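To start, the structure under review is shown below, and the notes come after it.
Just so it is clear, none of the values below were taken in a lab; they were calculated from the coordinates. Just so you know, these numbers come straight off a predicted model, no measurement behind them. Here the Cβ is made from the backbone with ideal geometry for all residues, glycine too, and neighbour counts use every protein chain on show.
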Amino acid sequence: MIYDIIIIGGGPAGAAAGVYSARKKLKTLVITDNFGGQSLVSDSIENWIGVKKMTGLEFAKMLEEHVRAHEDVEIKMPERAVSVKEAENGYEISTDKNNIYQSKALIVTSGGRRRRLGVPGEDKFGGRGVSYCSTCDAPVFRNKPVAVIGGGNAGLEVVIDLMPYASKIYLISNKELLTGDPSIQEEIKKSDKTSVIINADIQEILGDKFVSGLKYFDKNDNQIKELKVGGVFVEIGSVPNSEFVKVLVKKNQAGEIIVDHKTGATSQPGIFAAGDVTDEIYKQNSISAGDGVTALLSAYNYLLNIKKQSPALTEATEGKPAKRNF
Amino acid sequence: MAKVTIYITPTCVYCKMTKEFFKKHNIAYEEKDVSVDDKAREEMAAKSGQLGVPVVDIDGKIIAGFDKEAIKELLKL
């Protein structure tokens, strides 16, 4: 069984590609962990065009229902692609469930995931004081001092989430200043619960059974300092889920798949990509959905072209069966 | 029938997904909201060693996070 299109990922880019693929009557498979992408855990999405406000879960269900409305689209979930290689008629995808699927074209919409600090203690105390989800876990830290790592908007928003609960909030950035919106910065600085620490590199997360503190290098005076905190929220950006494509497509230094922004084409014919896994500048749900459509339509044209080319291939092999059999 | 307790916060998506999963499979459960219930929060941390939600307790066996496969196994679904 060879699919026309395999879509990897179920965020807005993958769901949009899935819906358009069904409308083009392509034999389609979607492989994904879940629907909704990184917004799944969002408390409130207010910038999806056409919907004033919804939760991440509502968004996820909306995407899933729209894809599932097309019964011809097959969905493997939860399942994760672990590698891609070239096959005779296109590409072959291996998954964490030890399945192998083949398709003529591929759309990579595997999104991003949260960047980790990469310091000792981070893994050990995951779920034991280190959290990447303030909407989930903020109330668990009632009356405890906590640290939020990252001075961008995401970090500032976590501070806001924690305000009703935590006894003290240290907002820590490795930069010289906070980069998040000035309006949220002002709101945060008004509270006597918060203190901002800049020019600080986190070195270690400390604790026994749970987190009890952290160690950081203060670049202002070149000293290693410790803070006593019961929780550490990490908000230092995201990394693209592009590892499974390995060297097949060109990526930039950040690991983002480089695409032609007119078409969603990657450096590898037949592989298209969209959304946060690519070098798209603006990581936004609405943009990812549009990019997903672009990638799918380009993949559709690609499939039409290889179909046209196949008779020529047959001629060239003088009556022998065509190598590419579409 | 297994005794099922779930520790949640109101804004946690994975908590909602876990509860929906229980409802879909007609599993009765007790819900403890750790954002308002101090005792439940301490109980959760002591039982599970976790400071994150959801935590699911099925007859004393602890599952951290929404782990469908683990829940299915314990409830023999």
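Across segment A:130-234, how many lysine pairs separated by 8 or more positions, or lying on different chains, have Cα atoms within less than 12 Å?
The result is 8.
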statement: Once phi for every residue in segment A:178-186 is put through the Karplus expression 6.51 cos²θ - 1.76 cosθ + 1.60 (θ = phi - 60°), the whole-Hz ³J(HN,Hα) values, with Gly and Pro written as x, are 6, 9, x, 4, x, 5, 6, 4, 4
query: Counting only DSSP beta bridges with both residues in the protein assembly as shown, what percent are antiparallel, rounded to the nearest 5?
result: 50 percent
statement: Rounded to the nearest whole number, the Stokes-Einstein translational diffusion coefficient of segment A:121-184 at 4 °C and 1.567 mPa s (Kirkwood radius, C-alpha pairs) in µm²/s is 107 µm²/s
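Considering only DSSP beta bridges with both partners in segment A:130-234, what is the antiparallel share in %, to the nearest 5? Show your work: numbers first, answer last.
On the way: 12 of 27 bridges.
In segment A:130-234, DSSP labels about 45 percent of beta bridges as antiparallel.
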message: Distance between the C-alpha centers of segment A:262-285 and segment B:1-44? Whole Å please.
response: 39 Å
- prompt: How large is the dipole of the protein assembly as shown about the Cα centre if only Lys and Arg carry +1 and Asp and Glu carry -1, each at its Cβ, rounded to the nearest 20 debye?
  reply: 660 debye
task: Search the structure for amide H atoms under 5 Å from the amide H of A:VAL148, placed 1.01 Å from N in the peptide plane, and list their residues when 5 or more places away or on another chain.
output: A:TYR170, A:LEU171, A:ILE172, A:PHE233
field: Kirkwood Rh in Å, taken over all unlike Cα pairs in the protein assembly as shown
entry: 23.1 Å
- request: Using all C-alpha to C-alpha distances in segment A:174-284, build P(r) with 10 Å bins and read off the rounded percent in each one.
  value: 11, 27, 24, 23, 13, 1
query: Within 10 Å of each Cβ of A:127-140, how many other protein chain Cβ atoms are there on average?
result: 6
- prompt: Given only helices, namely DSSP H runs of n ≥ 4 each adding -39500 (n - 2.57), what is the per-residue ellipticity at 222 nm of chain A, to the nearest 500 deg cm²/dmol?
  reply: -8000 deg cm²/dmol
- request: State which entries of A:LYS24/B:LYS19; A:LYS25/A:LYS246; A:LYS76/A:LYS262; A:LYS251/A:LYS307 exceed 32 angstrom in Cα-Cα distance in the structure shown.
  value: A:LYS24/B:LYS19
field: Whole-Hz couplings from phi, Karplus 6.51/-1.76/1.60, listed for segment A:288-302; x for Gly and Pro
entry: 4, 4, x, 4, x, 5, 4, 4, 5, 5, 5, 5, 4, 4, 4
- line: In this structure, the FRET efficiency calculated for A:GLU226 and A:SER191 from their beta-carbon separation, with R0 = 22 Å, to the nearest 0.05, is 0.40
message: Given 37 °C and 0.692 mPa s, compute D for segment B:4-75 with the Stokes-Einstein relation, Rh being the Kirkwood radius over Cα pairs; round to the nearest whole µm²/s.
response: 275 µm²/s
- prompt: Straight-line reach from B:LYS23: which lysines have Cα under 19 Å away, leaving out those fewer than 8 places along the same chain?
  reply: A:LYS61, B:LYS3, B:LYS32, B:LYS68, B:LYS72, B:LYS76
